[in-house]
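The values are calculated or read from the model by the stated rules, or taken from the named source; none is laboratory data. Since the model is a prediction, treat every value here as computed from it, not as a measurement. Neighbour counts are summed over all protein chains in view; Cβ atoms, including those assigned to glycine, are modelled from backbone coordinates with ideal geometry.
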Amino acid sequence: MGPYGLMYRALDVNKSKNNIPGRSPIKIIEKDRLRLLISLYSDFLRRNSYPQQEIISYLLKATYVLRMKIRNLRSEVLARQMASNNVNEEVNIRRRLRYDWRE
């Protein structure tokens, strides 16, 4: 699952508000993948010899960072879709004005 697969997931489905139009609904992240992600992060912190208090602090913040990353990816895609819709709408308005022009 890459970054664009991640934007269709959520840590809590009830709190997600921004569904991407024309896409499948947002699903909850599988517990096994979330557990794997946190354990990999924990191993990384231990290998780089972080103090125990910092490891605890970083692990507690891991889900917050993941939630913000998902939110940013989703809002980025929504903004791109809105921009393309606005461009298409502007082109359609110009076409209508060109063909409906009366002197």
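As for segment 21-40, it holds at least one residue that is modelled with pLDDT under 75 and within 11 Å of the chain's Cα centre (by Cα). Filtering segment 44-73 to residues that are touching a residue at least 60 places away in the same chain (Cβ under 8 Å) and out of contact with any strand residue (DSSP E or B) (no Cβ under 9 Å at 6 or more places or on another chain) leaves LYS69, LEU73.
Among the residues of segment 47-56, the ones that are farther than 18 Å from LEU36 by Cα and in a helix (DSSP H, G or I) come to 3 in all.
In the set (1) under 25 Å from ASN85 (Cα atoms); (2) modelled with pLDDT of 70 or more, ILE55 fails one condition alone, (1).
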